[in-house]
Amino acid sequence: MSTRRFAFRPRLLDTFRSGYRREDFSADVSAGITVGVVALPLAMAFGIASGVKPEAGLITAIVAGFLISALGGSRVQIGGPAGAFVALLYAIAERYGLANLLLSTMMAGVLLFLMGALRLGQLIRYIPVSIVIGFTNGIAVIIALQQVRDALGLAIDKMPAHFFGQISTLWQHLHTINLAAAGLCAVSVALIVWWPKSYQPQHAVWRRWMARIPGTIIALVLGMIAVRLGLGVETIGSRFGGIPQGLPALSVPRGDWESLRQLFAPTVSIALLGAIESLLCARVADSMIQDRHDPNQELMAQGVANVVAPLFGGIAATGTIARTVTNVRSGARSPVAGIVHALTLLTIVLMFAPLAANIPMASLAAILLFVAWNMGDWAAFRRLGRFSVSYRTILLATFALTVVFDVTVAVEAGLVLACLFFMHRVADLTQVEPMELPTDQRTRPNGATVEAWRLSGSIFFGSVGKLDRLIDPARPVPGAVLLQMRQVINLDTTGLEVLETLHSRLERAGSVLAIVQASEQPLSLMRRSGFLDRIGATHVYQDMDTALAALTIGPKAPPNA
């Protein structure tokens, strides 16, 4: 974590100051329009999957997408509603209501801004990859499970928020399957998967132009045509009454103190998940364009976006990998592309919102099923056998807890498991070994025995058990104990307490404790705590030969304190 003072410097400013050219603007406009078209169905689908109306997803993509690009620390990242939030937001909306969901999102925005302002962006890198894969795959399963109702056209008024409730509800209503909806969903998935993805120069002109149109848009348009031709499936219009033609008026969600107290855990969950997802996405973008984003600026931009978007009825936003990758592959060069993406969505809403009433829910379910499949790293399960027990345990535990409970519990449990496994590993590497001394240096002048022990690794609360034999009351007390600590990389206060106990035991018996070749960190802690004063400065040595000479046959050279 950096100690530099607060700085707010959007990447957009650097873009203009470094010489923004006309060809850069042309490339950004083209990429922004492409991403805007791709984002249209995803924004609506993520809004619905999060337990709110489709326009909430569109508003989030417009408002938050604009602010994240304008104020962020990445050149090409696209912000908006994301699949990572679906399960969490659905559960919050189900339990606390829409107004409290918006309040929680705004408070999470404040937390995100503070994280960036305090320069905590680098801390996200400390989350193990096993946890990231676990909760990402778990979220993908939840998204897919939530789409079964619309994919099969089941007659379910409202899906429960939790895994077992969803499974039970789907099973109980399986007999209400709508074959038309199921067929439309299957055809839509096939279109999205197999729609031409290549537009190389050698291909025919019509193929190149058609390939530029996302398969998701093709699926929506054909679904709308099917509805107009009389296909009996549920649509956005029949469930939500359509989409308003324009942005709603600015409005502050109302809440009370009791509500705010209850929203603490959801707020932290949204902020943590938003930070992880956005910075992971920014790292993916960096690898594609050979750049380096500013994680703290990105968090501050995410914070501003999550404060402002709910004022217009939007939900939580973060960086989105699929749209960011599309942005890069479409030739984006700067944050201008993200701004154009938001303006493209706004234009579509203003001009074509009434047409959205005919969008089939089965087609949106197909889009989210495709997103869920691409979102998960399913090959990670096949590779589990190649890795350690700790990696497998953390990944599978995080995955299962994400699916059964929620992503907050999963990440917390994953971090606890990761810390426990790490401490166990460090403790295993810590060694306390007796040293063989020359025969003439095994006793003091008074005949008392001399023991020397080599300590290595980290002497901390998780490994101090290895020092137990030194303070075992059943052991005879030697005349002197030398601890060679050259390979001790860390000593904490619990380890220091054990050394204090050893010293006290030796002191009561008239014996001596000597510290030999201690490295800087342990030596610093022993000095600051007063431990070196208690054992005596003459009992701290730079090498073993000097220590043995001083304690067995009398000092040959002055000890080094």
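The values are calculated or read from the model by the stated rules, or taken from the named source; none is laboratory data. Keep in mind it's a predicted model, so treat the numbers as computed, not measured. For neighbour counting, all protein chains shown are included, and Cβ atoms are generated from backbone atoms with ideal geometry for every residue, glycine included. Note: accessible area is taken over every heavy atom of the protein model, side chains too, but ligands, DNA and RNA are not part of it. Shrake-Rupley method; radii C 1.70, N 1.55, O 1.52, S 1.80 Å.
In table form, for the structure just shown:
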| item | result |
| --- | --- |
| Extreme residue, surrounded by the most Cβ atoms within 10 Å (Cβ to Cβ), among residues of region 251-308 that are aliphatic (A, V, I, L, M) and not in a helix (DSSP H, G or I) | Leu263 |
| Helices (runs of 4 or more DSSP H) contained in region 1-105 and holding at least 3 residues of a type in the set (Val, Ile, Thr) | 22-49 |
| Members of region 221-240 that are without any contact (Cβ under 8 Å) to a residue 40 or more places away in the chain and part of a loop (DSSP other than H, G, I, E, B) | Leu229, Gly230 |
| Gln542 vs. criteria among the polar types (S, T, N, Q), in contact with a Leu (Cβ under 7 Å, 6 or more places away or on another chain) and surrounded by fewer than 16 Cβ atoms within 10 Å (Cβ to Cβ) | no |
| All positions within region 34-83 that are aliphatic (A, V, I, L, M), in contact with a strand residue (DSSP E or B) (Cβ under 7 Å, 6 or more places away or on another chain) and more than 24 Å from Ile218 (Cα to Cα) | Ala64, Ile68 |
| Residues of region 427-447 satisfying the condition of being more than 58 Å from the chain's Cα centre (by Cα) and among the small types (Gly, Ala, Ser) | Gly447 |
| Residue count, region 4-24 (criterion: of a type in the set (Ser, Thr, Tyr) and open to solvent by 50 Å² or more (accessible area, probe 1.4 Å)) | 2 |
| Residue list for region 440-490, restricted to those being open to solvent by 70 Å² or more (accessible area, probe 1.4 Å) and of a type in the set (Gly, Ala, Ser) | Ala474 |
| In region 134-171, the residues that are under 19 Å from Val411 (Cα atoms), among the hydrophobic types (A, V, I, L, M, F, W, C) and not in a loop (DSSP other than H, G, I, E, B) | Phe135, Ile139, Ala140, Val141, Ile142, Ile143, Phe163 |
| Evaluation of Leu513 against (1) surrounded by fewer than 16 Cβ atoms within 10 Å (Cβ to Cβ); (2) free of Cβ contacts under 8 Å to residues at least 60 places away in the same chain (one fails), failing number | (1) |
| Unique residue being among the aliphatic types (A, V, I, L, M) and farther than 17 Å from Gly83 by Cβ when the list is Ala332, Ala317, Ala275 | Ala332 |
| Options Gly246, Gly215; residue that is open to solvent by less than 20 Å² (accessible area, probe 1.4 Å) and free of Cβ contacts under 8 Å to residues at least 60 places away in the same chain | Gly215 |
| Residue count, region 399-416 (criterion: under 17 Å from Glu277 (Cα atoms), touching a Leu at 6+ places or on another chain (Cβ under 8 Å) and in a helix (DSSP H, G or I)) | 6 |
| Single unsatisfied condition, Met375 versus (1) under 30 Å from Phe46 (Cβ atoms); (2) open to solvent by less than 50 Å² (accessible area, probe 1.4 Å); (3) free of Cβ contacts under 8 Å to residues at least 60 places away in the same chain; (4) not hydroxyl-bearing (Ser, Thr, Tyr) | (3) |
| Positions within region 378-395 being surrounded by 15 or more Cβ atoms within 10 Å (Cβ to Cβ) and either closer than 24 Å to Ala39 by Cα or out of contact with any helix residue (DSSP H, G or I) (no Cβ under 6 Å at 6 or more places or on another chain) (or both), in sequence order | Phe381, Thr393 |
| Options Pro81, Pro41; residue that is open to solvent by less than 40 Å² (accessible area, probe 1.4 Å), more than 20 Å from the chain's Cα centre (by Cα) and in contact (Cβ under 8 Å) with a residue 24 or more places away in the chain | Pro41 |
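Residues are listed down the side, and each one gets a yes or a no for (1) open to solvent by 20 Å² or more (accessible area, probe 1.4 Å); (2) in contact with a strand residue (DSSP E or B) (Cβ under 9 Å, 6 or more places away or on another chain); (3) modelled with pLDDT of 90 or more; (4) more than 18 Å from Gly47 (Cβ to Cβ):
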position	(1), (2), (3), (4)
Met106	yes, no, yes, no
Gly116	no, no, yes, yes
Leu120	yes, no, no, yes
Ile124	yes, no, no, yes
Ile127	yes, no, no, yes
Thr136	yes, no, no, yes
Ile143	no, no, no, no
